[in-house]
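**Q** Quick one: the structure is below, questions incoming.
Laboratory data are not the source of any read-out in this text; all were calculated from the coordinates shown. What you see is a predicted model; the values in this text were computed from it and never measured. Neighbour counts run over all protein chains shown; Cβ positions are idealised from the backbone, glycine included.
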Amino acid sequence: MDWSYLGTLDYRRSLALQELRREKLRAGQVNEALLLLEHPHIYTLGRNADRADILAGSDWLQSRGVKVEECDRGGQVTYHGPGQLVGYPILDLNPDRRDLRRYVRDLQEVLVRVLAEVGLAAEPRSKSPEIGVWVEGKKIASLGVHVSRWITTHGFALNVNTDLSYFAAIVPCGIQGVEMTSVAELTGRNLPLENLAALCVHHTAEVFQRRPLAMTSEELMA
Amino acid sequence: MATEVIMPEMGESIAEGTITKWLVQVGERVERDQPLFEVSTDKVDAEIPSPASGTLLVVHHGEGATVQVNELVAIVGEPGEQPETQSVAAPAGVEAPVVEASEPVEAAVEQPVLVAESAPTQEVVVGEDSQLVDRIRQFSSPLVRKMAAAEGVDLSQIQGTGIHGRVTKQDMQGYLERRSAAPPSTVAPPPAAPASPMRTAEVVTAARRASVGDFQVAAYHEGDNVEIEPMSNIRRLTASHMVYSKATSAHVSTVFHVDLSRVAKVRARAKQGFAQTHGTKLTFMPFIFKAVANALTAFPNLNSSIDGTNIVHKKDINLGMAVALDWGLLVPVIRHADRLNLVGLAKTANDLAERARSKRLSPEEVQGGTFTVTNPGVFGSLFGTPIINQPQVAILGIGAIEKRPVVVNDDDGNDTIAIKTMCYFALTFDHRLVDGAEADSFMNHLRRTLLEETWSELDSFQ
């Protein structure tokens, strides 16, 4: 499983990269991958999203430089932005992991283990619409997955040092009144995204029984 | 030839998917493996590829429709071609729904019976081997179960090649082919001729073996004043499980008197603030779960299973909590209990109990437990000797929590009688794997944690 921390990457470019890697993986030209990165401010709408869940007006969105995109992952509306660690595992679930719910559970397990390493007792919630990872009744990480012939794209978004006020402008995951939190808010520490990225790699490898192979961002995006 | 497109299997316990988008329109050409439509289930969006090249002739379910696994979704073929009517995939409506969304757990429990009801002429074994049979049935798709019912096949007789030994459609077809090739075995096997006269000891052994299993007591006699009521499914499964457990494990119980005075004090101080802050009540159970999880970490043998002559060490600590309901007993599971703090344990436990009562648990929430805690104390029991929840190797019963006079030794070395909040903890363990010394060490660990832990995470509640 190739991995790299790619720094800040535009949402559309990350979609193109994921699709490229997926097709190359299907053709047997590249290894599976875990892309780790952060996005500039953006609200994304999953397949089940309702535009009404974006509460902010277009003026506000423009003034703060926030884009809105529709995409082909499961789930509803969410926010990505600086300080949030986004992980896109491009894994082939053939032949032994062909179970969508198990895949979601495994991703949650990765996040629970990562959070345990920064001292947080996180709880995976697997009941729709609360699917995600929660700490003390607040949501810290969101999931949204796309599977094409059992190859995965999209993934998870973990709030590390995220400016949580951006979530106030949407109804995250379509759940009214959900409170979002972040590692920084809960621990009072500003951990670099790279550190959490490394933990994500370690635990993804453990949970999915993959061997991690570090790549430069140039290699991974080639 | 026209090819049917069915809703594919997307994983265990996923019975249906919602079609979110058709990527190809009726009349358009599609290549084999080209994404045909998208399905959404929970947080996952999946592309379903076309099983064949051709033209999309018929679409049975539009966007937004929720479709059962293995149900017919569309037909791909050549223009003008008549879709085949003879098909294994049942059209919508004929297939019994596998899991009712409103009552997932009940539905999962009832699954084996749905098979029986849909094929009344077919004898379905639910008796002695129901555990195994149920499991194999649950792991088979509705299509396979339907084929089995139609063909009068006992699924447990087929070697499954699917995930977890699941019987696949191919297995079923192979079995049916082999069966039709082999001559029907209607002829009774010839009586075994005694090759040589048995020696006396063998005769005696054989006789004894026969007599033990044969002993039965009739539940009632002809003419007795009785009324017969069939067991509910949950009752029947519980009954089978209990007898199976007793026959499997070497049950031994040990009882400890546990001082919960400190827990009671901390709880009394924190419970109001806790309820206000976290919106859920703070009972004694989260403290006990926390202490149990700690003790299991220290004594992992009690968090394992036996598989033949192997010991299966369970790396996760998933605590089953028995919930008594009007209609039976359910044991939802607190996953990774060792990673949750008191808040997490309280919330999870209260949520599971609440949803168990309102029949809103999903099937996976009652699976995968590695150790069980049961609480007969709420009914006033001082202690009981619970039966192990298979395939686990131990179960802890919590007796009534009450103030009792206890002899304590004061600072000056004088004996005095104090009022303490006390409780009997009864551990039943499987002596095949756990010896008494280890079980008692586990219990001492548990007792010490509850006696000494200061529960500083609740310090903010004064």
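**Q** Could you give the length gained on full extension between A:E218 and A:T187, defined as 0.36 nm per residue of separation minus the Cα-Cα distance, in nm?
**A** On the way: separation 31, 0.36 × 31 = 11.16 nm, distance 3.33 nm.
Roughly 7.8 nm would be gained on extension.
**Q** Based on other C-beta atoms within 10 Å, arrange B:H60, A:H39, B:H257 from fewest to most.
**A** Placing the least packed residue first, the sequence is B:H257, B:H60, A:H39.
**Q** Under the 0.36 nm per residue contour assumption, what length would be gained going from the current alpha-carbon distance of B:L382 and B:T309 to full extension?
**A** Values: separation 73, 0.36 × 73 = 26.28 nm, distance 3.60 nm.
Full extension from B:L382 to B:T309 adds 22.7 nm.
**Q** Just for the Cα atoms in the stretch A:124-222, what are the lengths along the principal axes, largest first, rounded to whole Å?
**A** 40, 36, 25
**Q** On average, how many beta carbons from a partner chain sit within 10 Å of the beta carbon of a residue in A:121-127? Mind dumping the intermediate values first?
**A** Numbers: counts 10, 4, 11, 3, 2, 6, 7.
Counting Cβ atoms of other protein chains within 10 Å of each residue's Cβ and averaging gives 6.
**Q** Which whole-Hz ³J(HN,Hα) couplings does the stretch B:67-72 yield from phi under the Karplus relation 6.51 cos²θ - 1.76 cosθ + 1.60, θ = phi - 60°, glycine and proline marked x?
**A** Once θ is set to phi - 60°, the couplings for the stretch B:67-72 become 10, 5, 4, 6, 7, 5 Hz.
**Q** Let me ask something additional. Per residue of B:14-24, what is the mean number of Cβ atoms on other protein chains within 10 angstrom of that residue's Cβ?
**A** Details: counts 4, 0, 0, 1, 2, 0, 5, 2, 0, 1, 0.
Mean number of neighbouring Cβ atoms from other chains: 1.
**Q** In the structure displayed, which of B:K290/B:K347; A:K138/B:K290; A:K138/B:K265 lie more than 18 Å apart, Cα to Cα?
**A** Pairs exceeding the cut-off: A:K138/B:K290; A:K138/B:K265.
**Q** For each of B:E177, A:E19, count neighbouring Cβ atoms within 10 Å of the residue's Cβ, then give the residues from fewest to most. If you can, show how the numbers build up before the last one.
**A** Values: B:E177 10, A:E19 15.
The most exposed by this proxy come first: B:E177, A:E19.
**Q** Still on this model: Counting other beta carbons within 10 Å of each Cβ, put A:D72, B:D412, B:D440 in order, fewest first. Mind showing how you got there, number by number?
**A** Working: A:D72 19, B:D412 6, B:D440 14.
Taking fewest neighbouring Cβ atoms as first place, the list is B:D412, B:D440, A:D72.
**Q** Could you work out, residue by residue across B:28-41, how many beta carbons of other chains sit within 10 Å of that residue's beta carbon, and then give the average as an integer?
**A** 2
**Q** For the stretch B:304-462, what is Rg from Cα atoms divided by 2.2 N^0.38 Å, rounded to two decimals?
**A** Normalised Cα radius of gyration, the stretch B:304-462: 1.18.
**Q** Right, something else. Could you pull the Rg and Dmax for the stretch B:3-77, using just the Cα atoms, both in Å?
**A** In Å, with Rg to one decimal and Dmax whole: 11.3, 34.
**Q** Expressed as a whole number of Å, what is the distance separating the alpha-carbon centroids of the stretch B:26-75 and the stretch B:293-353?
**A** Using only Cα atoms to place each centre, the spacing works out to 40 Å.
**Q** Quick one: 3J(HN,Hα) in Hz for the stretch B:415-422, Karplus 6.51/-1.76/1.60 with θ = phi - 60°, rounded, Gly and Pro as x.
**A** In residue order, the calculated couplings are 7, 8, 9, 10, 9, 10, 7, 10 Hz.
**Q** On to the next question. Give me the net charge of B:E452's neighbourhood, meaning all other residues with Cβ under 15 Å from the Cβ of B:E452; Lys, Arg count +1, Asp, Glu -1.
**A** It works out to a net charge of +4.
**Q** Can you tell me the Rg and Dmax of the stretch B:299-397, counting just the alpha carbons, in angstroms?
**A** Final numbers for Rg and Dmax: 13.7, 40 Å.
**Q** Then there's this: Taking every pair of alpha-carbon atoms in chain A, what share in percent sits in each 5 Å bin, from 0 to the bin with the longest distance?
**A** Bin by bin from 0 Å, the calculated values are 1, 7, 16, 20, 22, 17, 10, 5, 1, 0.
**Q** Starting from the Cα of B:R32, step 7 Å along the direction of its Cβ; do the same at B:R178; then give the gap between the two resulting points in nm.
**A** 2.7
**Q** If you don't mind, there's one more thing I want to ask. In degrees from 0 to 90, rounded to the nearest 10, what is the angle of the helix A:11-26 Cα long axis to the longest principal axis of chain A?
**A** That works out to roughly 20 degrees.
**Q** Whole Å is fine, so just give me how far the alpha carbon centre of the stretch A:139-204 lies from that of the stretch B:232-264.
**A** Cα centroid of the stretch A:139-204 versus Cα centroid of the stretch B:232-264: 40 Å apart.
**Q** Also: Can you list residues whose amide H is under 5 Å from B:T20's amide H, if they're 5+ apart or on another chain and H is modeled 1.01 Å from N?
**A** When sequence neighbours closer than 5 places are left aside, the close amide H contacts are B:E38, B:V39, B:S40, B:G64.
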